[in-house]
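S.K.: I have a structure I would like to understand better, so I am pasting it below and will then ask my questions one at a time.
The values are calculated or read from the model by the stated rules, or taken from the named source; none is laboratory data. What you see is a predicted model, and the numbers here were worked out from it, not measured in a lab. Cβ: placed from backbone, ideal geometry, glycine included. Neighbour counts: every protein chain shown. SASA here: full protein model, heavy atoms, side chains in, ligands and nucleic acids out. Shrake-Rupley method; radii C 1.70, N 1.55, O 1.52, S 1.80 Å.
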Amino acid sequence: MKTAQDIIVKPIITERSMGMVAQKKYTFKVAKDSNKIEIAKAVEQLFGVKVASVNTMNVKGQLKRQGRYEGYQSDWKKAIVTLTEDSKTIEFFDGMF
């Protein structure tokens, strides 16, 4: 059984993801083998909020070069979590502004 800390790897802090915080949408890097139900339960457990929906996408690793050698970064999964209207916000993201 996976714990909530195993499912939610880290928050994604970018200009675009911070723009969605006003709409109660938060972006996380999640475990590649997790599904939407597991992600929703993990966010509710870790942050004490109510989740309305979860959108997931698989992100392909970027090509990186070091001199004449090249390779790819590993693939990963991203989740955009939308909270319900009556839910409180996630305090971690509030300190970013």
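S.K.: Tell me, yes or no, whether the stretch 31-50 has at least one residue that is hydrophobic (A, V, I, L, M, F, W, C) and assigned to a strand (DSSP E or B).
M.R.: No; the residues of the stretch 31-50 include none that is hydrophobic (A, V, I, L, M, F, W, C) and assigned to a strand (DSSP E or B).
S.K.: Report the residue count in the stretch 68-78 for those that are open to solvent by 60 Å² or more (accessible area, probe 1.4 Å) and either farther than 16 Å from K10 by Cα or touching a Cys at 6+ places or on another chain (Cβ under 7 Å) (or both). Don't jump to the end; show me each part of the working.
M.R.: Going residue by residue through the stretch 68-78, those that are open to solvent by 60 Å² or more (accessible area, probe 1.4 Å) are 68-70, 72-76.
With either farther than 16 Å from K10 by Cα or touching a Cys at 6+ places or on another chain (Cβ under 7 Å) (or both) added as a condition, the list becomes 68-70, 72-73.
Total satisfying the criteria: 5.
S.K.: The conditions are (1) part of a strand (DSSP E or B); (2) surrounded by fewer than 16 Cβ atoms within 10 Å (Cβ to Cβ); (3) not aromatic (F, W, Y), and V81 fails exactly one of them. Which is it?
M.R.: Result: V81 passes all but (2).
S.K.: If you take the residues of the stretch 10-54 that are acidic (D, E) and more than 22 Å from E85 (Cα to Cα), which of them is surrounded by the most Cβ atoms within 10 Å (Cβ to Cβ)?
M.R.: Of everything passing the filter in the stretch 10-54, D33 is surrounded by the most Cβ atoms within 10 Å (Cβ to Cβ).
S.K.: Right, something else. Please verify whether M96 is open to solvent by 50 Å² or more (accessible area, probe 1.4 Å), in a loop (DSSP other than H, G, I, E, B), among the aliphatic types (A, V, I, L, M) and in contact (Cβ under 8 Å) with a residue 60 or more places away in the chain, treating the condition exactly as stated.
M.R.: Details: open to solvent by 50 Å² or more (accessible area, probe 1.4 Å): yes; in a loop (DSSP other than H, G, I, E, B): yes; among the aliphatic types (A, V, I, L, M): yes; in contact (Cβ under 8 Å) with a residue 60 or more places away in the chain: yes.
Against the criterion (open to solvent by 50 Å² or more (accessible area, probe 1.4 Å), in a loop (DSSP other than H, G, I, E, B), among the aliphatic types (A, V, I, L, M) and in contact (Cβ under 8 Å) with a residue 60 or more places away in the chain), M96 qualifies.
S.K.: Against the conditions (1) open to solvent by less than 30 Å² (accessible area, probe 1.4 Å); (2) modelled with pLDDT under 95, where does K88 fall short? Just the number, please.
M.R.: The number of the failed condition is (1).
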